[in-house]
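Colleague: I am attaching a structure below and will ask some questions about it afterwards.
The values are calculated or read from the model by the stated rules, or taken from the named source; none is laboratory data. In this text, all values refer to a predicted model and were calculated from it rather than measured experimentally. Please note: Cβ atoms are built from the backbone with ideal geometry, for glycine as well, and neighbour counts cover all protein chains shown.
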Amino acid sequence: MTKKILVVEDDATLRKAMKRYFETHHFSVIDTDNGSDALVLTRETCPDLILSDVEIPGLDGHSLCRILRGEMATQSIPFILMSGARIQERNILAGFEGGADDYVIKPLSLPVLHARVDAVLRRFENVSTMGERLKKCGIELDPEGRTIKIHGKPVSLTRKEFDLLTILIRRSGRVLRVPYLLEAVWGYDPADYNDPGTVETHISYLRKKLGPQIAKHIVNVTGYGYKFEE
């Protein structure tokens with residue numbers, strides 16, 4: 001099935017090159033040069049993935065991502081940020097904390113970008129097709145519908161928070177090491193990126209959203225990683 005990508009890039013030359021490249025690789029591409037139009041297009045067309053530059057007119061990429069992550073209809077759409085200016089570690093972490101699934105540094109290679117897009121889509125499809133609903137400790141989690149309820153009440157999670165909780169619950173009782181989580185949830189090669197701060201930050205946000213009674217089941221095993229303890 002052809003995947004639909006929304007490309008948000010204010011550099012017209014790069015935007016056209018990306019559109020041509022992905023269309024020749026069997027993607028359907030919608031494009032715009034600003035974040036405000038991207039917000040409308042996302043709501044109207046529901047793309048399979050969004051590729052957005054960070055510094056764009058209207059809503060910037062970070063704001064666009066945060067808004068879409070806050071809406072039930074769009075919160076599960078994979079989102080990749082791109083930047084040639086905001087490339088410091090704090091910028092990249094801010095992107096992930098806002099709900100981005102990947103953060104690509106410019107100048108970029110289109111074949112490498114294609115590989116990153118495929119990797120994000122695979123992670124999304126793998127989690128979405130993991131089967132039956134999970135019910136533990138007052139949590140009801142639907143991997144296919146990508147919804148979660150705590151004691152019957154819906155809770156809004158970012159994609160990364162949802163995927164992280166899904167893996168922890170599926171492997172409850174087992175300590176999951178940080179490199180494993182970075183590879184399984186973020187798609188990172190542990191040989192290239194092994195920063196425990198990324199996982200720690202997402203665990204912190206996840207605990208706050210789940211509330212203290214549920215949060216206590218997510219246990220930090222010092223020096224190793226995390227586990228969901230019933």
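A quick yes/no check of all residues on (1) under 17 Å from the mean Cα position of the chain (by Cα); (2) part of a loop (DSSP other than H, G, I, E, B); (3) modelled with pLDDT of 90 or more; (4) within 24 Å of D48 (Cα to Cα):
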{"site": "F162", "(1), (2), (3), (4)": "yes, no, no, yes"}
{"site": "S172", "(1), (2), (3), (4)": "no, yes, no, no"}
{"site": "L182", "(1), (2), (3), (4)": "yes, no, no, yes"}
{"site": "V185", "(1), (2), (3), (4)": "yes, no, no, yes"}
{"site": "D192", "(1), (2), (3), (4)": "no, yes, no, no"}
{"site": "V199", "(1), (2), (3), (4)": "yes, no, no, no"}
{"site": "V219", "(1), (2), (3), (4)": "no, no, yes, no"}
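Colleague: Go through (1) in contact with a helix residue (DSSP H, G or I) (Cβ under 6 Å, 6 or more places away or on another chain); (2) of a type outside the set (S, T, N, Q); (3) outside any loop (DSSP other than H, G, I, E, B) one by one and return the number of the condition I67 breaks.
Modeller: Answer for I67: the failing condition is (1).
Colleague: Is it true that E55 is outside the structural domain of S156 (by TED's automatic domain parsing) and assigned to a helix (DSSP H, G or I)? Explain how you work it out, then say what you get.
Modeller: On the way: outside the structural domain of S156 (by TED's automatic domain parsing): yes; assigned to a helix (DSSP H, G or I): no.
No.
Colleague: Could you tell me how many of the residues in segment 73-99 are within 23 Å of P154 (Cβ to Cβ) and in contact with a strand residue (DSSP E or B) (Cβ under 8 Å, 6 or more places away or on another chain)? Show your work before the answer.
Modeller: Of the residues in segment 73-99, the ones within 23 Å of P154 (Cβ to Cβ) are 73-79, 97-99.
Keeping just the survivors that are in contact with a strand residue (DSSP E or B) (Cβ under 8 Å, 6 or more places away or on another chain) gives 77-79, 99.
Here the count works out to 4.
Colleague: Against the definition (of a type in the set (F, W, Y), in a strand (DSSP E or B) and surrounded by 15 or more Cβ atoms within 10 Å (Cβ to Cβ)), how does Y226 come out, yes or no?
Modeller: Values: of a type in the set (F, W, Y): yes; in a strand (DSSP E or B): yes; surrounded by 15 or more Cβ atoms within 10 Å (Cβ to Cβ): yes.
It is true that Y226 is of a type in the set (F, W, Y), in a strand (DSSP E or B) and surrounded by 15 or more Cβ atoms within 10 Å (Cβ to Cβ).
Colleague: Since G99 meets every condition but one in (1) in a strand (DSSP E or B); (2) touching a residue at least 24 places away in the same chain (Cβ under 8 Å), which condition does it not meet?
Modeller: Among (1) in a strand (DSSP E or B); (2) touching a residue at least 24 places away in the same chain (Cβ under 8 Å), G99 violates only (1).
Colleague: I would also like to ask the following. Which condition from (1) of a type in the set (A, V, I, L, M); (2) assigned to a loop (DSSP other than H, G, I, E, B); (3) farther than 28 Å from Y21 by Cα is the one that L108 breaks?
Modeller: Only one criterion in (1) of a type in the set (A, V, I, L, M); (2) assigned to a loop (DSSP other than H, G, I, E, B); (3) farther than 28 Å from Y21 by Cα is unmet by L108, namely (3).
Colleague: Also: Can you work out which of the residues in segment 63-76 that are in contact (Cβ under 8 Å) with a residue 40 or more places away in the chain and aliphatic (A, V, I, L, M) is surrounded by the fewest Cβ atoms within 10 Å (Cβ to Cβ)? First the steps, then the outcome.
Modeller: Quick first cut of segment 63-76, residues in contact (Cβ under 8 Å) with a residue 40 or more places away in the chain only: 64, 69-70, 72, 75-76.
Those still in the list that are aliphatic (A, V, I, L, M) too: 64, 72.
Values: L64: 26, M72: 10.
Among those residues, the one meeting the criterion is M72.
Colleague: Give me the residue from segment 1-26 that is hydrophobic (A, V, I, L, M, F, W, C) and free of Cβ contacts under 8 Å to residues at least 40 places away in the same chain and, out of that set, surrounded by the most Cβ atoms within 10 Å (Cβ to Cβ).
Modeller: Pass one, segment 1-26, residues hydrophobic (A, V, I, L, M, F, W, C): 1, 5-8, 12, 14, 17-18, 22.
Applying the additional criterion that residues be free of Cβ contacts under 8 Å to residues at least 40 places away in the same chain yields 1, 12, 14.
Values: M1: 5, A12: 10, L14: 18.
Filtering first and then ranking leaves L14.
Colleague: Any idea which of E125, E144 is of a type outside the set (V, I, T), modelled with pLDDT under 80, surrounded by fewer than 18 Cβ atoms within 10 Å (Cβ to Cβ) and part of a loop (DSSP other than H, G, I, E, B)? First the steps, then the outcome.
Modeller: Details: E125 fails: part of a loop (DSSP other than H, G, I, E, B).
The unique qualifying residue is E144.
Colleague: Any residue at all in segment 176-191 that's more than 30 Å from V104 (Cβ to Cβ), surrounded by fewer than 16 Cβ atoms within 10 Å (Cβ to Cβ) and among the aliphatic types (A, V, I, L, M)? Step through it out loud before you land on a result.
Modeller: Initial filter on segment 176-191 (more than 30 Å from V104 (Cβ to Cβ)): none.
No, segment 176-191 has no match at all.
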